[in-house]
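Trainee: Sharing a structure here in structure tokens format.
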Amino acid sequence: MLKENYTIELLNLKGFNVIRTAGNVITICLPVKPHICPQCKNETKKIHDYRLQKVKHLPVAHTSYTILIKKRRYKCPYCNKQFYEKNNLLSKYKSISTDLRKSVLYYASKLFNTKQIADICNLSYSTVVRIIDSIIIPKPTVFPDVISIDEFKGNTGGYKFQCVLTDPIKKKIIEVLPNKNSEDIYGHLANNDIKNRLKVNYVIMDMSNQFRSIMTNCFPNAKVIADKFHVLRLANWAMEHIRKQEQKRFTDTRRRYFKKSRFILLKRRHKLKRNEKIQLSQMLSVSVLLKKAYILKELFYMVMDSKNEKQFYKRIYKWLFLVEKYGIDRFLAMAKTVRQWLHPIRRAVLTGYTNGYTEGCNNRTKVLKRICFGVRNFKRFRNRLMFIANCKKAAG
Ligand SMILES: [Zn+2]
């Protein structure tokens, strides 16, 4: 009796009685109880016959178990209808238990590849593929208030780049689009299948003119926000460009020193340690151009730290003025971009919305691609990405 209870507990077979255990084969059946005839709705306990069904169940401690269910068929004495008793052990894949299927989906919601899942669950590769392909990720029906869009290199479905559309507030992927062709993105988003298109308030993106034009067409009432990380990167790139340009004139030793210490120039001044501050002033003392570039970089970071609109405009105009005054090519080019994206940058500062969540999704996509050795089939790729991002709890 003790062993029986133990087996029931361990294999999560509550509600069943164990008839026999032989090695890893466990024969079980449900207790007899009155059933309602599906045809005439009368109650019956009359048993017609039994059938043994083999079910693959969850491996426990790396051991696989085969469950034999002695399935009972009842016969209705009123209308003669024969029917099998219901049990919650079987999934719709008749030879796999619900728990085992759930287990496959659990691993599919994490970063495991098909072969790994097949090994863990002791199933064939094709069974795992079949279960994963049975996941249906519905198309979105309504757009949220804030949307973020980004591209990523998925190399799937015959296209190098795909786009991901997310809800950065609820932290969910809204949709994965098969490519980044403007007409295709527009076709996917600007139709009436998805509600609230005209109610979208903000669209966050990197500073891509292509996305800006598509998204303002798709969401005519939305205001564009430039992703803060991409905006700040412009200042770092300009700073790095000037460092590389200047260090070409240096001796080998000094050049190597500047290359090794470049983080001193990139780090925020107020985050430098005391000895690093000394190092910084030594580095800046060797080149006027480098010093000017450094001032512009730091001031730009301060622009992005602005607390309100007034402060933002005061700081950005001061920055733009200094860029003109210093006349450094690389910063003049950056200022041109900043002017073109002035309002989206201001909104980034004032709303605090970023593409951080979307970038996180893209990093996870990279990991998935690596562990799966690429996913050629776009539909499968989309479903898996969205399942991992959105259905963590559903699968657990
Ligand atoms: Zn009946």
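The values are calculated or read from the model by the stated rules, or taken from the named source; none is laboratory data. Please read all numbers here as calculations on a predicted model, not as lab measurements. All Cβ positions, glycine included, derive from the backbone under ideal geometry; neighbour counts span all protein chains shown.
Trainee: Checking Y6 against (1) farther than 15 Å from E85 by Cβ; (2) assigned to a loop (DSSP other than H, G, I, E, B), which single condition isn't satisfied?
Mentor: (2)
Trainee: Sort out which residues of region 347-383 are over 15 Å from M205 (Cβ atoms), in a helix (DSSP H, G or I) and among the charged types (D, E, K, R), and write them in order of number.
Mentor: Those that are over 15 Å from M205 (Cβ atoms), in a helix (DSSP H, G or I) and among the charged types (D, E, K, R): R364, K366, K369, R370, K379, R380, R382.
Trainee: Given the structure, is Y186 under 16 Å from N355 (Cβ atoms) and either of a type in the set (F, W, Y) or over 16 Å from the mean Cα position of the chain (by Cα) (or both)?
Mentor: So Y186 fails the test.
Trainee: Let me ask you something else. When you go through (1) within 25 Å of the chain's Cα centre (by Cα); (2) loosely packed, with under 14 Cβ neighbours inside 10 Å one by one for G327, which number turns out not to apply?
Mentor: Condition not satisfied by G327: (1).
Trainee: Ok, one more. N80 versus (1) more than 20 Å from S126 (Cα to Cα); (2) in contact (Cβ under 8 Å) with a residue 24 or more places away in the chain: which is the lone unmet condition?
Mentor: (2)
Trainee: Checking L198 against (1) surrounded by fewer than 22 Cβ atoms within 10 Å (Cβ to Cβ); (2) under 17 Å from A348 (Cα atoms); (3) among the aliphatic types (A, V, I, L, M), only one condition comes out false. Which one?
Mentor: For L198, the exception is condition (2).
Trainee: D193 - would you say it is under 30 Å from R382 (Cβ atoms), among the acidic types (D, E) and either at pLDDT 90 or above or not in a loop (DSSP other than H, G, I, E, B) (or both)?
Mentor: The answer is no for D193.
Trainee: Could you please find all residues in region 24-70 being more than 16 Å from the ligand (Cβ to nearest atom), among the charged types (D, E, K, R) and either in a strand (DSSP E or B) or outside the structural domain of N88 (by TED's automatic domain parsing) (or both)?
Mentor: Across region 24-70, the qualifying residues are D49, R51, K54, K56, K70.
Trainee: So which pairs qualify, if the first residue must be in region 378-389 and farther than 18 Å from K160 by Cα, the second must be outside any helix (DSSP H, G or I) and of a type in the set (S, T, Y), the Cβ gap must be under 9 Å, and the two must be at least 6 apart or on different chains?
Mentor: F387/S109; I388/S109; A389/T166
Trainee: So, one more: Looking at this structure, is Y78 hydroxyl-bearing (S, T, Y), surrounded by 17 or more Cβ atoms within 10 Å (Cβ to Cβ) and within 16 Å of the ligand (Cβ to nearest atom)?
Mentor: So Y78 fails the test.
Trainee: Find the residue count for region 174-194, including only residues that are of a type outside the set (D, E, K, R) and in contact with a His (Cβ under 8 Å, 6 or more places away or on another chain).
Mentor: Residues that pass the stated criteria total 1.
Trainee: Turning to a different aspect of this structure: List, please: which pairs have Cβ atoms under 9 Å, are six or more places apart or on different chains, and start with a residue in region 37-49 that is in contact (Cβ under 8 Å) with a residue 24 or more places away in the chain and within 14 Å of R73 (Cβ to Cβ) and end with one that is assigned to a loop (DSSP other than H, G, I, E, B) and away from the ligand (no atom under 12 Å from the Cβ)?
Mentor: T44/P34; K45/V32; K45/K33; K45/P34; I47/V32
Condition check ((1) over 25 Å from P220 (Cβ atoms); (2) assigned by TED's automatic domain parsing to the domain that holds N217; (3) not basic (K, R)) across all residues:
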{"position": "K139", "(1), (2), (3)": "no, no, no"}
{"position": "G157", "(1), (2), (3)": "yes, yes, yes"}
{"position": "K172", "(1), (2), (3)": "no, yes, no"}
{"position": "E175", "(1), (2), (3)": "no, yes, yes"}
{"position": "N179", "(1), (2), (3)": "no, yes, yes"}
{"position": "I185", "(1), (2), (3)": "no, yes, yes"}
